[in-house]
Amino acid sequence: MLSIKFIRENIDIVKKAIKDKNEKTDINNLLELDKKKRELQFEFDTLRAEQNSVSKKIPELKKEKKDVSEILIKMQNISKKIKEVSRELSDTAQKLENELLKIPNVPNKDVPIGDESANAFVREWGEKKHFTFQPKDYLDLSEINDLLEIKRVVKISASGFVGYRNKGALLERALINFMLDFHIQKHGYTEVALPILVNRKTMTGTGQLPKLEEDMYLIEQDDLFLIPTAEVSVTNLHADEIISEKSIPKKYVSYSSCFRREAGSYGKDTKGLQRVHQFNKVEMVRFVKPNDSYEALEEMLVDAEDILKSLGLHYRVVTLASGDLSFASAKTYDIEVWAPGSNKYLEVSSISNFEDFQARRAYIRFRDEGGKVKFVHTLNGSGLATPRTFIAIIETCQNEDGSITFPEVLKPYLERLKV
RNA sequence: GGAGACGUGUCCGAGUGGCUUAAGGAGCACGCUUGGAAAGCGUGUAUGCGGGUAACUGCAUCUAGGGUUCAAAUCCCUACGUCUCCGCCA
């Protein structure tokens, strides 16, 4: 979230950010609550100060055998008043907090204003592969090579879920291991494996709640949510902590299943692997000092690109425009990989700088050189999501007879079973 | 799931209603001492919201929320967490 101080002093910037991000939050109510809260806080502090000082004198007066009954009656009233003010104060503070959680992050100044069509091209690597034959799409290739479980999975679960089988399952598992090893060995990340069920506080910390509750799977019995990305559990790992200056920056990589209800996106890419309720993803998360976060964003983008390069997949990078930017993000790059059989670019990675937006919510701070406590900046990026990477690989690596020649870098992960 | 014990600052740990502005210790930082270090001695050592140019200063926070009281780390209730024993499962 944004600090109330920042909002108070930059009303226009905040209003513009809300508009540019296509949000509808009204901040006037918030500003009123802020004013009311500060007035109540002042009243509460004043009353408490009196209560504290008088209460301190009571035992002394008693010792001197003085009559305190009159004071006690007076204090009863103050006590009652304090309780009233305190109730109103915490009520107002709670309302203010709820409003604050609904204010989106402010886009960085480099972010183009507009909807998806304003996304800005950054660079590309490789080129669209040229085939001497008509390339098949991944659904056909999966059929030929026995790679996916589609119909049966709907039977055992629900529509929107898919499964892998045979070499498809092996390829997916190989991808996960390859990507994890790559980030650990070549990019210096530390692996963490964390729960995929998390509580409400955690979901709020990274900004999924309260806005996106509809998009989340909820285990009502225990009030636990299935994570939509490992970003949630990894970023919140250091919630409520003051990280020592020495142990920052922190670079984590984590693989997890991700769960998305995709409420409201029915009818879009419903077939196959492109948009699914459950998928696996390797995620990178960084905690850095404020001044380093944009440099870290560029590094993470390269970290994700390195995976695609080593797999030999053509891709392009875009900067998301304000309207396409997520609620919590200040700046996001998307990487889109080329899928020649499907004849389109598929989004395989989002790399975002949240600045201190998540750190404020999750209360993640560090102590700087001068001993001052400040909020960290958090970043994350997919490195990468498996389903669409899977599509790009088998479509790019297909032969005319429908067989697939897997990328060299995956061989160590595949060859022990002679795939 | 049943029974019990417990939750205090960076850590250990005292604290059963007002003498706690949380004792004492460890750690850490700085200073003195030293040729240098150790020991010793001294000083400092939370966070948030306010007020003040500043020195300072008001309020809150002893897991969280509620209650009792003029006054709560301390008493009561609830939740969460930790530990021990039992049950169940692997």
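Calculated [222 nm] ellipticity per residue, helices only, for chain A: -13000 deg cm²/dmol; basis is -39500 (n - 2.57) per DSSP H run with n ≥ 4, divided by all residues, nearest 500.
When chain A is treated as a GNM with alpha-carbon contacts under 10 Å, the residue of A:Leu218, A:Leu61, A:Leu139 showing the greatest mean-square fluctuation is A:Leu61. With every protein chain in place and a 1.4 angstrom probe, the accessible-area ranking of A:Lys36, A:Lys251, largest first, reads A:Lys36, A:Lys251. Scaling the Cα radius of gyration of region A:293-419 by the globular reference 2.2 N^0.38 Å produces a ratio of 1.34. Sorted from greatest to least, the principal axis extents spanned by the alpha carbons of region A:142-263 come out as 54, 39, 20 Å. You can think of it this way: the chain between A:Ser244 and A:Ala193 has 16.1 nm of extra reach, that is 0.36 nm per residue less the Cα-Cα gap.
With each label modelled as a point 7 angstrom along the Cα→C-beta vector, the A:Glu369-A:Asn29 pair spans 4.5 nm. Here the label points at A:Ser157 and A:Arg8, each 7 Å from Cα along the C-beta direction, are separated by 4.8 nm in the simple model. Here the relative contact order of chain A, from alpha carbon pairs under 8 Å that lie six or more residues apart, stands at 21 percent. Note on region A:304-379: Kirkwood radius taken over Cα pairs, Stokes-Einstein applied at 20 °C and 1.002 mPa s, translational D equal to 147 µm² s⁻¹. When you work out D = kT/(6 pi eta Rh) for region A:61-199 at 20 °C and 1.002 mPa s, using the Kirkwood radius from C-alpha pairs as Rh and the Stokes-Einstein form, the result is 88 µm²/s.
Taking the centroid of alpha carbons for each part, region A:351-389 and region A:47-117 are 31 Å apart. Tell me, what is the 1.4 Å probe accessible area of A:Glu9, in Å² to the nearest 10? Counting only protein heavy atoms, the figure is 140 Å². Against the empirical 2.2 N^0.38 Å (N residues), region A:346-419 has a Cα radius of gyration ratio of 1.86.
In this calculation the C-beta distance from A:Glu50 to A:Leu218 is compared with R0 = 35 Å, giving a FRET efficiency of 0.15. What percent do you get for the relative contact order of region A:186-282 when only Cα pairs under 8 Å and 6+ apart count? Here the relative contact order equals 33 percent. Counting every C-alpha pair in chain A, the share spaced more than 38 angstrom apart comes to 33%. Note on A:Glu97: accessible area approximately 70 square angstrom, rounded to 10, probe 1.4 Å, nucleic acids and ligands left out. Computed over region A:154-218, the Cα gyration tensor eigenvalues convert (square root of 5λ each) into semi-axes of 27, 23, 9 Å, ordered from largest to smallest.
Taking every protein chain into account, the accessible area of chain A amounts to 51 square angstrom per residue (probe 1.4 Å). Rounded to the nearest 20 debye, the dipole magnitude of region A:330-419 is 640 debye, with +1 charges on Lys and Arg beta carbons, -1 on Asp and Glu beta carbons, and the Cα centre as origin. Using a probe of 1.4 Å, the accessible surface attributed to A:Asp140 totals some 80 Å² when neighbouring protein chains are kept in position. Would you work out what percent of the accessible area of chain A, with all protein chains in place, is carbon or sulfur (probe 1.4 Å)? Looking at chain A in its full context, I get 49 percent from C and S.
Counting only protein chain heavy atoms and rolling a 1.4 Å probe, the accessible areas of A:Ile404, A:Ile394 rank, largest first, as A:Ile404, A:Ile394.
Can you tell me which of A:Glu245, A:Glu369, A:Glu395 moves the most in a GNM of chain A? Springs connect C-alpha atoms under 10 Å apart. The residue with the greatest mean-square fluctuation here is A:Glu369. Which one, A:Asn236, A:Asn199, A:Asn291, has the greatest fluctuation when you compute a Gaussian network model over chain A with C-alpha springs under 10 angstrom? Its mean-square fluctuation being the largest, the pick is A:Asn291.
The values are calculated or read from the model by the stated rules, or taken from the named source; none is laboratory data. Everything numeric here is computed off the predicted structure, so don't read it as measured data. Reconstructed Cβ throughout: ideal geometry from the backbone, glycine too, with neighbour counts over all protein chains shown. The accessibility values were calculated without ligands, DNA or RNA, using every heavy atom of the protein model including side chains. Shrake-Rupley method; radii C 1.70, N 1.55, O 1.52, S 1.80 Å.
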